[in-house]
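**Q** The following block contains the structure, expressed as structure tokens.
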Amino acid sequence: MIQTQNIVKTYYSTGVATTALSNININIKSGEYVGVVGPSGSGKTSLLCLLGLVEPPTSGEILFMDINTSQKKEQQRAKLRRGNIGFIFQDPNLIDELTVYENIELPLIYLRYRRREKIKLVEDILVKLKLIHLKNKYPTQLDGEQQQRTAIARAIITNPALLLADEPTGALDSKSGDSILKILSELNEDGMTIVLATHSPQVADHVQRIIQIFDGHVINENKAIQ
Ligand code: ADP
Ligand code: MG
């Protein structure tokens, strides 16, 4: 699904260079549920940004679905991302002026789905994520778990090949967090490839395979089951 070859990410700001990732070589196969685990500042978010084709590496190669993306311009990466890669974060990042239904529908509008298809997809996902009774509510009327369920629904409405989750339970109490992790496990059981970044060993217990990072280096890795 996605492979990296010697990727390095260096940020330059106000004359200071910070190398967030050094020589990362990982291979994520279709259908895997992988945890990127490490303390704060270890490079998890940077790695997910690269795997999600949001930013290019400073050097090295990233292959996504066998396409070498390293030389691709922002617009080409955006095109590859669209519909193929879903993101969720600690903050649900919902649009407050839109209802649950409209937030979830948004990616389909960008991708110019037909009206009837849009309705079917949104209704199906509302049922799947137990949000149907909340579909006309606004984000501020929801609790944190319901907001995160809505964010997951929006991220997967296009049935992306890859779902990237950056500390998705970081702002939730443990019961709500467990419920979100259960949804991710179920999505993976249904075939979705998921990469989850977390600093928490308890959260990391839910994934199939762990890539441990520290100071921008992979320090330990369970190898993929062949
Ligand atoms: P994590 O998600 O594990 O907390 P990050 O990937 O956010 O780690 O950060 C890794 C390192 O890169 C940190 O030292 C952080 O300060 C630095 N960093 C991340 N993003 C930027 C940026 N946009 N500009 C400068 N430094 C950054
Ligand atoms: Mg982070």
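**Q** Compute the length gained on full extension between Asn222 and Thr58: take 0.36 nm times their separation in residues and subtract their Cα-Cα distance, giving the result in nm to one decimal.
**A** 56.4 nm
**Q** Could I ask something else about it? Largest first and to the nearest Å, give the Cα extent of the range 23-85 along each principal axis.
**A** Largest to smallest, the principal-axis extents are 32, 28, 19 Å.
**Q** Here's something else I'd like to know. How much length is gained on full extension from Gln76 to Val16, taking 0.36 nm per residue of separation minus their Cα-Cα distance?
**A** Between Gln76 and Val16, full extension yields 18.7 nm more.
**Q** Which whole-number percentage describes the relative contact order of the range 71-226, with Cα contacts under 8 Å and a sequence gap of 6 or more? Working shown, then result.
**A** Values: 187 pairs, mean separation 39.9, N = 156.
Relative contact order of the range 71-226: 26 percent.
**Q** Using a simple spin-label model with points 7 Å from Cα along the Cα→Cβ vector, what separation in nm is obtained for Lys120 and Ser40?
**A** 4.7 nm
**Q** Now a separate question. Cα axis of helix 144-156 to longest principal axis of the chain: angle in degrees, 0 to 90, nearest 10?
**A** Relative to the chain, helix 144-156 is tipped by roughly 70 degrees.
**Q** With the Cα gyration tensor of the range 94-159 giving a ≥ b ≥ c as the square roots of its eigenvalues, does the rule (a/c under 1.5 for rounded; else a/b larger than b/c for prolate; else oblate) give rounded, prolate or oblate?
**A** Details: a/c = 1.82, a/b = 1.54, b/c = 1.19.
Prolate shape, in that a/c is at least 1.5 and a/b is the bigger ratio.
**Q** State the percentage of accessible surface on the range 94-159 attributable to carbon and sulfur atoms; use a 1.4 Å probe and exclude ligands, DNA and RNA.
**A** Answer for the range 94-159: carbon and sulfur cover 48 percent of the accessible area.
**Q** Considering every pair of different Cα atoms, what Kirkwood radius, in Å, is found for the chain?
**A** 18.1 Å
**Q** Helix 115-128 against the longest principal axis of the chain: what's the angle in degrees, Cα atoms only, rounded to the nearest 10?
**A** Orientation of helix 115-128: about 80 degrees from the principal axis.
**Q** Could I ask something else about it? So how tilted is helix 174-189 from the main axis of the chain? Cα-based, degrees 0 to 90, rounded to 10.
**A** Helix 174-189 sits roughly 80 degrees off the main axis of the chain.
**Q** I've got another one for you. According to the square roots a ≥ b ≥ c of the eigenvalues of the Cα gyration tensor, what is the shape class of the range 60-188, taking rounded for a/c under 1.5, prolate for a/b larger than b/c otherwise, and oblate for the remainder?
**A** Oblate is the answer for the range 60-188, as a/c is 1.5 or above yet b/c matches or exceeds a/b.
**Q** What net charge do the residues around Asp178 carry, taking every other residue with its C-beta under 14 Å from that of Asp178, with Lys and Arg at +1 and Asp and Glu at -1?
**A** Here the count lands on -1.
**Q** Please report the antiparallel percentage of DSSP beta bridges with both residues in the chain, rounded to the nearest 5.
**A** Here the antiparallel bridges make up roughly 50 percent for the chain.
The values are calculated or read from the model by the stated rules, or taken from the named source; none is laboratory data. Note that the structure is a prediction, hence the values are computed from the model and not measured. Ideal geometry is used to build each Cβ from the backbone, glycine not excepted, and the neighbour counts take in all protein chains shown. The protein model used for the area step is the full one, side chains on, heavy atoms only, and it has no ligands, DNA or RNA in it. Shrake-Rupley method; radii C 1.70, N 1.55, O 1.52, S 1.80 Å.
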